[in-house]
Amino acid sequence: MHSEFLTIGAFAKASRLSPKALRLYDELALLRPARVDPGTGYRYYAVAQLGQARLVAWLRRLGMPLARIRAVCALDTADAARAVEAYWAAVEAETAVRRDLAAFLVDQLTAASREDHTTMLRLRHRAHSDRGRVRPANQDTVYAGRRLLAVADGFGPAGAPASGAAVEALRYLGEYEEVAGGGVLRLLEDAVRSAGEAVCDLTGGDPSAGSTLTALLWTGSRLALVHVGDSRAYLLRDGELVRMTRDHRVAMRSPLLSKALGGDLDPVPDLRLEEAREGDRYLLCSDGLTEVVDDGRIRELLTAEPDPEAAARLLVDTANAVGGPDNVSCVVADVVPHLDEAVPLG
């Protein structure tokens, strides 16, 4: 036997592939022996095949399927490198999804184990929207469901359908029973991207038309916030009003938005998780409220009216009483014990 050939045993040792694996790769046409003895059927491999064999071994250690390994081995080195990079990016993405699922299961199981020892919380909420005293139509959209609260303020010739599409893109998230805290922000970011695409479809990419979007998603004992534009979210806790969002405007008093859904924009939303406490009160509102009612007055009104529905209407009525120059929408939600059924879930 020529010195450039190795027996299957020697080749297996040099390539760190077992003889059994080598026979399988031969059957799959992944790594053919250089020579097969016609009498004995014994396989021999060329020394030059060690590079490919080691590549196969490394790719198997990565967990790459055999069919994909065959495709990679057929490429030149530059294309093979790109193929491996793409494969590993897909693996990491899948791992992230599975990590989020694991976190979700841990949250679920942990919550179940504590169910008899902790106070379960929920949201008691109401929403109210009005076109105001000046605008001919209401381009705001509000939503208040069991797990999702949202306000969107449409603008431009297709403002009303734009705000409706923005909220609709998030509504499916409110149908989940629970979402793991770590994964919910990624879900919200993806939903906002879908909302932006839906708004662009409606407006035809017109930069003068679009929508804001501010939403809270309930995740057990936390609220996940997503925000684009100049609608706002507030938290009233222990009598103190805290603004949870910043206005995405080109300048402080400018009507022009630096972030919005629509046009040629692909905004990165503001995202955060907020730990909820019993007694907290949250407010989502369009700028039809905040342009004419300052934060101090908003705090007074939220504090004065304990019923969420009455509080939402009081805020809208106050904005209208000082001129109502814009559409005004409010969602008021209280964090209450789960068994408190004084007000239906809505």
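The values are calculated or read from the model by the stated rules, or taken from the named source; none is laboratory data. In this text, all values refer to a predicted model and were calculated from it rather than measured experimentally. So basically every Cβ, Gly included, is an ideal-geometry build from the backbone, and we count neighbours across all protein chains shown. With ligands, DNA and RNA removed, areas are computed over all heavy atoms of the protein, side chains included. Shrake-Rupley method; radii C 1.70, N 1.55, O 1.52, S 1.80 Å.
Restricting attention to region 35-62, report how many residues are under 15 Å from A86 (Cα atoms) and either open to solvent by less than 60 Å² (accessible area, probe 1.4 Å) or among the acidic types (D, E) (or both). Selection size over region 35-62: 1.
With respect to R222, determine if the residue is among the basic types (K, R) and at pLDDT 90 or above. Talk me through it step by step, then tell me what you get.
Numbers: among the basic types (K, R): yes; at pLDDT 90 or above: no.
No: the conditions fail for R222.
Of all residues in region 63-94, how many are of a type in the set (A, V, I, L, M, F, W, C), under 30 Å from the mean Cα position of the chain (by Cα) and surrounded by 12 or more Cβ atoms within 10 Å (Cβ to Cβ)? Let's see the steps before the verdict.
Step one: filter region 63-94 for residues of a type in the set (A, V, I, L, M, F, W, C), giving 64, 66-67, 69, 71-75, 78, 80-81, 83-84, 86, 88-91, 93.
Next cut, under 30 Å from the mean Cα position of the chain (by Cα) only: 64, 83-84, 86, 88-91, 93.
The next check asks that each one be surrounded by 12 or more Cβ atoms within 10 Å (Cβ to Cβ); those that pass are 64, 83-84, 88, 91.
Count: 5.
Cβ-Cβ distances below 7 Å connect the following pairs, each with a first residue in region 80-94 that is more than 14 Å from G63 (Cβ to Cβ), a second residue that is outside any helix (DSSP H, G or I) and open to solvent by 50 Å² or more (accessible area, probe 1.4 Å), and a separation of six or more residues or different chains: A83/L75. Residue count for region 302-335, restricted to those that are closer than 19 Å to H125 by Cα and open to solvent by 10 Å² or more (accessible area, probe 1.4 Å): 11.
Name the residue, out of L30, L6, L17, L22, that is in contact with a Cys (Cβ under 8 Å, 6 or more places away or on another chain), open to solvent by less than 90 Å² (accessible area, probe 1.4 Å) and not acidic (D, E).
Working: L6 fails: in contact with a Cys (Cβ under 8 Å, 6 or more places away or on another chain); L17 fails: in contact with a Cys (Cβ under 8 Å, 6 or more places away or on another chain); L22 fails: in contact with a Cys (Cβ under 8 Å, 6 or more places away or on another chain).
Step by step, each of L30, L6, L17, L22 is checked, and only L30 is in contact with a Cys (Cβ under 8 Å, 6 or more places away or on another chain), open to solvent by less than 90 Å² (accessible area, probe 1.4 Å) and not acidic (D, E).
Does at least one position in region 275-295 carry a residue that is closer than 20 Å to L188 by Cβ and open to solvent by 40 Å² or more (accessible area, probe 1.4 Å)? Within region 275-295, one or more residues are closer than 20 Å to L188 by Cβ and open to solvent by 40 Å² or more (accessible area, probe 1.4 Å).
Screening G164 on (1) crowded, with 24+ Cβ neighbours inside 10 Å; (2) modelled with pLDDT of 90 or more; (3) closer than 13 Å to L261 by Cα shows it passes everything except condition (1). Of all the listed residues (L241, L217), the sole one being under 12 Å from the mean Cα position of the chain (by Cα) and either of a type outside the set (S, T, N, Q) or more than 16 Å from A152 (Cα to Cα) (or both) is L217.
Can you find a residue that is touching a residue at least 24 places away in the same chain (Cβ under 8 Å), under 17 Å from C330 (Cα atoms) and open to solvent by less than 10 Å² (accessible area, probe 1.4 Å) anywhere in region 218-226? So that I can check it myself, show each step before the final result.
As a first pass, look at region 218-226 and keep what is touching a residue at least 24 places away in the same chain (Cβ under 8 Å): 218-226.
Right, trim to under 17 Å from C330 (Cα atoms) and you get 225-226.
When the remaining residues are screened for being open to solvent by less than 10 Å² (accessible area, probe 1.4 Å), the result is 225-226.
Yes, because at least one residue in region 218-226 is touching a residue at least 24 places away in the same chain (Cβ under 8 Å), under 17 Å from C330 (Cα atoms) and open to solvent by less than 10 Å² (accessible area, probe 1.4 Å).
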